[in-house]
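Here the structure comes first, spelled out in structure tokens, and everything after it is commentary.
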Amino acid sequence: MKVAVVTGSGGLIGSESVVFFAGHFDHVVGIDNNQREYFFGSDGDVSRNIERLKNSLPNYSHYDLDIRNLQGLEKIFLQYGNDISLIVHAAAQPSHDWAAKEPLTDFSINAVATQYMLELTRKHCDKAVFIFTSTNKVYGDKPNQLPLVELESRWEIQSNHPYFKNGIDEQLSIDQSVHSVFGASKVAADIMVQEYGKYFGMNTVVFRGGCLTGPRHSGAKLHGFLSYLMKCAVNETPYTVFGYKGKQVRDNIHSADLIQMFWQYYQNPKQGEVYNAGGGRFANCSMLEAIQWCEKITGKKMIYSYSQTNRVGDHIWYISDLSKFKAHYPDWHWQYNLEKTLIEIFDNITI
Ligand SMILES: NC(=O)c1ccc[n+]([C@@H]2O[C@H](COP(=O)([O-])OP(=O)(O)OC[C@H]3O[C@@H](n4cnc5c(N)ncnc54)[C@H](O)[C@@H]3O)[C@@H](O)[C@H]2O)c1
């Protein structure tokens, strides 16, 4: 029997992973205690996603378990043992603003529980592929030191810089910058995941996400950029833009495209690898451009205000370079541009 284990199975990446891998594995085990509701209130409630998985997938088992519960986790690993051939570890405290409220909670989930997952994998199913969703925040605010120019609706990197063509690659230092508490806890986990690949020879991989998005995101003020923005646009809820004249740029990847990256890696794993994962030059926008997109799709003017103060450590311009992943896995390509993604998010809110 082939089993996949997905942590954070009620979340954006976890729930999409469950649906996809249920079609390729005999059984999928999901772990999620709806901690997202604790972080972000009712906007973050993922119980609807969890119920949908339980009701629609006969080969899915759900565990309402906190990943900080080592004994509870070990029971699951003991039950499925070497049948586990894939672990998608997507449970996390995902917001850099929230992390400053409870740094200990943030570290215990993002760093300590990631090592629980790694160690249990090593102990019970060491041949399994272990996929970890890291973040571009591991680069701290280093990207803000790049030579940027101000354009009408966005910041852009100077056209003679090597990052202009494809974006930021995995060579950028993750050291000696401001990461936010969240970025720092993810660095700890990111390095440990690499280490289990490079030191123990396990099939571990790190995907450093730009903005991950899609209709299954339970978008909240502090996390889930495009999903929350579109919610505000549809419901005419006031939105606040923080700093950088609203011209800060993010690249956005649809969860389905990211999961296709996971699938490519699963079929041909390279131990301890690190890949940047985002929309790259193919799908990116500034805050102002995202607002314009939402207005175009909803047909409504957005109500938003501007605050001069940027979020601590926030990127001014970040576009992921996926060249390394594409060189290793040439069959992969983005399927979702920004417009297609935003229309799906809109449809999911309004249906
Ligand atoms: N969404 C993004 O823009 C983005 C960007 C970069 C990296 N990432 C990373 O990708 C991963 C997935 O992100 P997402 O957007 O799907 O997040 P999400 O919040 O939608 O999903 C995470 C899930 O984990 C669950 N969870 C959190 N703590 C838990 C705990 N202690 N025990 C059990 N379950 C717990 C939550 O309830 C939630 O359902 C995270 O590691 C995140 O840091 C996300």
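Residue-wise test of (1) among the aromatic types (Phe, Trp, Tyr); (2) surrounded by fewer than 20 Cβ atoms within 10 Å (Cβ to Cβ); (3) more than 22 Å from the chain's Cα centre (by Cα).
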| position | (1), (2), (3) |
| --- | --- |
| THR237 | no, yes, yes |
| GLY278 | no, no, no |
| ASN284 | no, no, no |
| MET287 | no, no, no |
| GLN292 | no, yes, yes |
| SER307 | no, yes, yes |
| PHE325 | yes, no, no |
| ILE345 | no, no, no |
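If ILE67 satisfies all but one of (1) farther than 21 Å from SER227 by Cβ; (2) more than 9 Å from the ligand (Cβ to nearest atom), what's the number of the condition it fails? Going through (1) farther than 21 Å from SER227 by Cβ; (2) more than 9 Å from the ligand (Cβ to nearest atom) one by one, ILE67 breaks only (2). For segment 159-180, give me the residue count where each residue is assigned to a helix (DSSP H, G or I), away from the ligand (no atom under 13 Å from the Cβ) and in contact (Cβ under 8 Å) with a residue 12 or more places away in the chain. Residues in segment 159-180 being assigned to a helix (DSSP H, G or I), away from the ligand (no atom under 13 Å from the Cβ) and in contact (Cβ under 8 Å) with a residue 12 or more places away in the chain: 3 in total. For segment 220-263, the set of residues classified as under 28 Å from GLU170 (Cα atoms) and in a loop (DSSP other than H, G, I, E, B) consists of LEU222, GLY224, GLY243, LYS247, GLN248, listed by residue number. Residues in segment 79-123 that are near the ligand (Cβ under 9 Å from one of its atoms) and farther than 20 Å from VAL205 by Cα: SER95, THR105, SER108. Count of segment 107-140 residues, restricted to those that are more than 22 Å from SER323 (Cα to Cα) and assigned to a loop (DSSP other than H, G, I, E, B), is 4. Output the residue which, of all residues in segment 114-138 that are closer than 19 Å to GLU195 by Cβ and under 17 Å from the mean Cα position of the chain (by Cα), is surrounded by the fewest Cβ atoms within 10 Å (Cβ to Cβ). Only one residue fits best here, namely VAL138. Would you confirm, using the coordinates I've provided, whether LYS186 is buried (at least 24 other Cβ atoms within 10 Å of the Cβ) and either more than 19 Å from PHE325 (Cβ to Cβ) or within 9 Å of the ligand (Cβ to nearest atom) (or both)? Criteria met by LYS186. Do any helices (runs of 4 or more DSSP H) entirely within segment 277-351 hold 1 or more residues that are touching a Leu at 6+ places or on another chain (Cβ under 9 Å), and if so, which? It comes to 287-298, 338-350. Restricting attention to segment 32-44 and to residues that are touching a strand residue (DSSP E or B) at 6+ places or on another chain (Cβ under 9 Å) and in contact (Cβ under 8 Å) with a residue 60 or more places away in the chain, the residue that is nearest to the ligand (Cβ to nearest atom) turns out to be ARG36.
How many of the residues making up segment 210-235 are surrounded by fewer than 20 Cβ atoms within 10 Å (Cβ to Cβ) and closer than 20 Å to GLY183 by Cα? Adding up the residues that qualify gives 3.
The strands (runs of 3 or more DSSP E) found entirely in segment 1-98 that carry 2 or more residues being crowded, with 18+ Cβ neighbours inside 10 Å and within 19 Å of the chain's Cα centre (by Cα) are 3-7, 27-31, 84-89.
Values in this text are rule-based calculations from the coordinates and carry no lab data. Only a predicted model underlies this, so the values are computations on that prediction, with no experimental measurement involved. Note: ideal-geometry Cβ built from the backbone for every residue, glycine included; neighbour counts use all protein chains shown.
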